[in-house]
Amino acid sequence: MKKFYITTPIYYVNDVPHIGHAFTTIIADVISRYKKLKGFQVFFLTGTDEHGQKIEKSATLQGIGPQQLADAVVVRFKELWKTLGIEYDKFIRTTDRDHMEGVKKIFTKIRDKGDIYAGVYEGHYCVSDESFVPESAQDAEGGNKICPDCGKTTELLTEPCHFFRLSAYQDRLLAFYEAHPDFVVPKARMNEVVAFVKSGLKDLSITRSSVSWGVPVPGNEDQTIYVWFDALVNYITGVNYHLEDDTFHAFWPANLHVMAKDILKFHGVYWPAFLMAADLPLPQNELIHGWWLKDERKMSKSTGNVLDPDILLKHFNSDAIRYFMMREAPIGSDGNFSHQGFISRITSDLTNDWGNLISRVEGMVTKYFQGTIPLEARHDDADRKIREAYERMEKSVLADFDAYLFNRGLEKIFDYIRELNKYIVEMEPWVLAKSADAKPRLCGILKTLAQSILSVNTLLSPIVPESAVKIRSMFGCSESGLGWKDLDGPIDIQSPGQLFPRVEPEDFFAEDITEEEPRMTGTSETEGLIDIEAFKKVEMVVAKVTAAEKVPDTEKLLKLRVETGEDERTLVAGVAQHYSPDTLIGRKIIIVKNLTPVKIRGILSQGMILAASGEEGRPHIPILPDDTPVGSPLT
Ligand code: MSP
């Protein structure tokens, strides 16, 4: 049996999992399930990156030890993966003993070969990215630098360390990329890697003296191994590199490392160089996806704009989240998360097109044949066409999935599902049901539908595994291979229960306000700096409140009408617990005018008021003097 070894990045434990982490892990799970469907023996590795300065610092801030922090956050990751139907084979932690042994082993091997040597690092370090920042980076105050990747201010380090002789690998790396032009997918990311290496490689510091939370350097225990060296090695220790046993030989090299573009340099350049230095084979491919953005910025804890998966899971099942992530944006591009986009996609595709097709078929079989499609099916040309269309579609979708173009493949599957819905309308089964003579034809139609649903279901199963199981058992079908499903004999149909319940936009959007509130009152967690151009994009103006009322059935929300100098508009603000409507009417306040309108409790809110966040988030709205002209911009 052919093997397929797939990995996700191991996630830092300073942060509980958010939708960004879920995206990578869902992609890896979808690919893993897809490969299984195609008959591969899959090994799927995920886990957590627990050492280093960032974790040490985060734990100190929380007044706990780093191991305690890691232990607590790991539970959150594992719980979320379970809820999202992630079927990994191993969850690795960099604090695992076997992993730490493996890290020491490869470090020693490379050092013995002469490619790790002792020295002193003098330069800049970004704790947030755990990365060394070059002298060429933009200057910040106090002799520090701005990290070119995350925009945070760096620290200046002078410390004894060990260097990895990365410079010696420049030519070998370039030769490798040339021989394997698809090593990094998509192509544009491969080009970035090549350009980076061509621009010249410097030796890389791979140990730290000032960080104690890490794997001790063998023979030099007052230093620890650089967290990125430690972390990358998880891909081999996850398959027993410390033992170099049968599992290791069966699975290494990995077939696919999945990650987002932020960690491309580490995987596309450093990792292959470390492996070359250790005389180990290189991974086959690296799939680099884009970022999930919220409000046009990468979702991340330090930006303070993360979307908590639990909010989505309160309203939607895991299949809906998996489907949205795989369908919405091509893997290489960034995707902007919006509540509106989410609900529209799920309602139109899963609830309306797919869910309705299944319940219509179930309803007809129950109504016309008491739950069993009888044997005597008569087929005609229309049925043949449905089958042929399926076979054409499947071929093309498999080619897309093989190339990791999931959004394109899903688009084709849903075009076909819409064809099936059209087929029902054209065949008019409700007319046939009125005549006893037409019964065999009616059976033929329902059987064609049952077969096509089951066939589509298999193709969709890597993406929406939970509903796929329900749909298979609805038809009492144990077969789960690809291809058109020929069904013999009478087909018993059971109700699958609710597959994709309809979610009311009002309920879902009400959640938005709980996410938006921290932004209404300023993001205290935001450490990232923005330049003046970014600030200028925010249009803040003086507005006059002309009307105000409480939003019914809510505790926190006020609906305000405001004059902005240019128009009159409605805003919804979460201030009702502290401001009665009449205290605001006639007042001059500050609003952000150019925010994308959002619906909150069915009311379109066209902007946001500014307020300071006091104790326990209590809002304090700045009220401007009465003579401040309406519409004056805040600059
Ligand atoms: N610990 C390192 C990885 C070491 S791998 C040997 C790390 N951890 S991380 O927790 O910051 O995770 C980064 C990865 O999480 C990204 O490469 C991506 O896979 C995923 N994502 C985190 N935020 C994301 C988005 N907003 N959007 C998409 N993916 C995101 O880096």
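The values are calculated or read from the model by the stated rules, or taken from the named source; none is laboratory data. Worth saying up front: this structure is predicted, and the values here are computed from it rather than measured. Cβ placement follows ideal geometry from the backbone for every residue including glycine, while neighbour counts extend to all protein chains displayed. Surface accessibility is based on the protein's heavy atoms, side chains included, excluding ligands, DNA and RNA. Shrake-Rupley method; radii C 1.70, N 1.55, O 1.52, S 1.80 Å.
With semi-axes defined as the square roots of five times the eigenvalues of the C-alpha gyration tensor, the equivalent ellipsoid of the range 538-620 measures 18, 14, 13 Å, largest first.
Among K152, K109, what's the order by accessible area (1.4 angstrom probe), most exposed first? Write down the numbers at each step before the final one.
Values: K152 25, K109 70 Å².
Of K152, K109, the descending order of accessible area is K109, K152.
Size descriptor for the range 369-492, Kirkwood hydrodynamic radius: 15.2 Å (Cα pairs only, one decimal). What number comes out for the charge environment of K470, summing +1 per Lys or Arg and -1 per Asp or Glu over other residues with Cβ under 12 Å away? Within the 12 Å Cβ shell, the charges total -2. With θ taken as phi - 60° and the Karplus curve 6.51 cos²θ - 1.76 cosθ + 1.60 applied, the whole-hertz 3J(HN,Hα) list for the range 55-65 is 6, 4, 5, 4, 5, 4, 4, 8, x, 10, x Hz, x standing for glycine and proline. Taking all Cα pairs closer than 8 Å and separated by 6 or more residues, the relative contact order of the range 155-267 comes to 23 percent. Surface composition of the range 179-264: carbon plus sulfur atoms contribute 54% of the solvent-accessible area (1.4 Å probe, protein chains only, all chains present). Computed from the Cα positions only, the extents of the range 285-379 along the three principal axes stand at 62, 35, 18 Å, in decreasing order. With every protein chain in place and a 1.4 angstrom probe, the accessible-area ranking of K544, K198, largest first, reads K198, K544. S461 contributes about 20 Å² of solvent-accessible surface, heavy atoms of the protein only, 1.4 Å probe.
From helices alone, the chain scores -12000 deg cm²/dmol at 222 nm; the rule is -39500 (n - 2.57) for each run of n ≥ 4 DSSP H residues, then divide by the residue total. Taking the Cα centroid of the range 281-310 and of the range 10-31, what is the distance between the two, rounded to the nearest whole Å? Comparing the Cα centres of the range 281-310 and the range 10-31, I get a distance of 8 Å. Centre-to-centre separation between the Cα atoms of the range 112-141 and those of the range 313-347: 38 Å.
Accessible surface of L604, taken over heavy atoms with a 1.4 Å probe and every protein chain present, rounds to 80 Å².
Once the C-beta distance of D308 and E549 is scaled by a Förster radius of 45 Å, the resulting FRET efficiency is 0.90 to the nearest 0.05.
For the chain, the spread of Cα coordinates along the three principal axes comes to 90, 78, 41 Å, biggest extent given first.
Under the criterion of Cα pairs below 8 Å and six or more residues apart, the relative contact order for the chain equals 11 percent.
Using per-residue counts of other Cβ atoms within 10 Å, averaged over each peptide, order 167-173, 217-223, 256-262 from highest down.
256-262, 167-173, 217-223
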